[in-house]
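Novice: Handing you this structure, nothing more for now.
Each value in this text was obtained by applying a stated rule to the coordinates, not by laboratory testing. The shown structure was predicted, so the numbers you read here are calculated from the model rather than taken from an experiment. Because the Cβ atoms are built from the backbone with ideal geometry, glycine has one as well, and the counts that use them run over all protein chains shown.
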């Protein structure tokens, strides 16, 4: 079970591509291996961006969903 300290929240709502992904990269760089990053974004293009980023970076994309126009991603720092 993850504790709150192991989950970092990032609100990127209202930001246009590529800012949600750039902010996520910056956050991941500051995190410890095994921590999770939960990103909220409203940019439709972020769906593909986060999938490709996960594949290329090796940070697993644990979940990706859309709720009322907000895209929520959970990545794990590798």
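Novice: Considering each of 9, 16 in turn, give the residue that is in contact with a strand residue (DSSP E or B) (Cβ under 8 Å, 6 or more places away or on another chain) and either in contact (Cβ under 8 Å) with a residue 60 or more places away in the chain or surrounded by fewer than 14 Cβ atoms within 10 Å (Cβ to Cβ) (or both). Please lay out each step first, then the result.
Specialist: Working: 16 fails: in contact with a strand residue (DSSP E or B) (Cβ under 8 Å, 6 or more places away or on another chain).
After ruling out the rest, the residue left standing is 9.
Novice: Now a separate question. Tell me yes or no: at least one residue of the range 11-23 is under 11 Å from residue 75 (Cα atoms) and within 12 Å of the chain's Cα centre (by Cα). Give the steps one after another, and end with the answer.
Specialist: Step one: filter the range 11-23 for residues under 11 Å from residue 75 (Cα atoms), giving none.
Looking for residues that are under 11 Å from residue 75 (Cα atoms) and within 12 Å of the chain's Cα centre (by Cα), one finds none in the range 11-23, hence no.
Novice: Looking at the range 57-69, which of the residues that are more than 12 Å from residue 47 (Cβ to Cβ) and outside any loop (DSSP other than H, G, I, E, B) is farthest from the chain's Cα centre (by Cα)?
Specialist: 67
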